[in-house]
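This is the structure, below, for whatever I ask next.
The values are calculated or read from the model by the stated rules, or taken from the named source; none is laboratory data. Just so it is clear, the structure is predicted and the values come from calculations on it, not from any experiment. Glycine also receives a Cβ, built like all others from the backbone with ideal geometry; neighbour counts cover every protein chain displayed. The accessibility values were calculated without ligands, DNA or RNA, using every heavy atom of the protein model including side chains. Shrake-Rupley method; radii C 1.70, N 1.55, O 1.52, S 1.80 Å.
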Amino acid sequence: MDIEDQMRNIANEIPEITVVNLVTWGASGAMIFGGVIPFIPQYRDIKRTSDADGFSIFVCLTLLVANTLRILFWFGKHFELPLLAQSIIMIFTMLVMVQLCVNVKNRSEIIVMRPHTLTEKRRSVDDGVTSHLSIKIPHQTSLRHTFTDFDTQYFWKWTDFSSYIEFMLVFSTGMGFVTFLFVDTVFYVELIGFLAVFTEALLGAPQFWKNFQNKSTIGMSIKMVCFWTMGDVFKTGYFIVRQAPPQFYICGTMQVAIDISILSQVFYYKYHPQVPPKKAAQ
């Protein structure tokens, strides 16, 4: 085979550049990186204000679990590579968000513990009597909560970033082993696929609940939620057009509904402001 034949074969293997192909490639690129974009304004807000109270860190947990399950689902039932790449990138993005929130909270939260008592012996020069002087000094420090404490009260509220990594390693390893055992079982594969997209569909639920508890959306990036809504509408349409498994577009529709509910909170608390319980107690 001469050089001309080799060049001709290479040219035949290269996809033809058409409008349809350009749109398809653009949509695939949007699927891969589009999920990260909504978190950029929230990341910048937290970085700028050094306040992460308005953002629910359980959003990160939801996406970490959902995308880990989606990757495992791929081993049992291959779907489009852009969706797989999206899951990998999203996992790294959520770990960055978690690290930022942990660092900010560790700097801003000081927990007052029981005061230290210092006892000093003093001997009177006149009568030779020894007296004890006790001084109470308030001691301020940050309480540490780690994954290895196995305290359910502080689940996903740990004070060190390594605990979140440890949890994800345990979860991924455990689910990976189970998937390895049942990867040929259709029911298990379909179940894990459903759990992946259903968990992702609940992405906005922790933020909705956080807003409800605070009776406010202060601290939450409205741009983030708007990007969520636009992205989820696009993503659901992409699932339908590309004939993705039914789990994807069914739960995508649910995700859009939750996004709209959060946006409704923004307007409700704007025109019906309420005093958060924390501020009312002060």
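Given (1) part of a helix (DSSP H, G or I); (2) crowded, with 16+ Cβ neighbours inside 10 Å; (3) not charged (D, E, K, R), where does Phe92 come up short, assuming only one miss?
Here Phe92 clears every test but (2).
Quick check on Met220: is it part of a loop (DSSP other than H, G, I, E, B) and open to solvent by less than 70 Å² (accessible area, probe 1.4 Å)?
Yes: the conditions hold for Met220.
Of the numbered conditions (1) in contact with a helix residue (DSSP H, G or I) (Cβ under 9 Å, 6 or more places away or on another chain); (2) farther than 30 Å from Ser50 by Cα; (3) modelled with pLDDT of 90 or more, Leu191 fails exactly one; give the number of that condition.
(1)
Please pick out the residue among Phe180, Phe167, Phe187, Phe198 that is without any contact (Cβ under 8 Å) to a residue 24 or more places away in the chain, open to solvent by 60 Å² or more (accessible area, probe 1.4 Å), in a helix (DSSP H, G or I) and within 22 Å of Ile91 (Cα to Cα). Walk me through it before giving the result.
On the way: Phe167 fails: open to solvent by 60 Å² or more (accessible area, probe 1.4 Å); Phe187 fails: within 22 Å of Ile91 (Cα to Cα); Phe198 fails: without any contact (Cβ under 8 Å) to a residue 24 or more places away in the chain.
Just a single option satisfies the conditions, and that option is Phe180.
Considering every residue within segment 19-41, establish whether at least one is open to solvent by less than 30 Å² (accessible area, probe 1.4 Å), of a type in the set (S, T, N, Q) and modelled with pLDDT of 80 or more.
no
So, one more: Any residue in segment 35-51 that is among the acidic types (Asp, Glu) sitting within a Cβ distance under 6 Å of a residue that is in a helix (DSSP H, G or I)? List the pairs, counting only those 6 or more apart or interchain.
Every condition considered, no pair remains.
Scan Phe234, Phe239 and give me the residue that is touching a residue at least 60 places away in the same chain (Cβ under 8 Å), within 25 Å of Met97 (Cβ to Cβ) and either open to solvent by 20 Å² or more (accessible area, probe 1.4 Å) or in a helix (DSSP H, G or I) (or both).
Phe234
Still on this structure: So, Gln255, is that one at pLDDT below 80, touching a helix residue (DSSP H, G or I) at 6+ places or on another chain (Cβ under 6 Å) and surrounded by 15 or more Cβ atoms within 10 Å (Cβ to Cβ) or not?
On the way: at pLDDT below 80: no; touching a helix residue (DSSP H, G or I) at 6+ places or on another chain (Cβ under 6 Å): yes; surrounded by 15 or more Cβ atoms within 10 Å (Cβ to Cβ): yes.
Answer is no for this residue.
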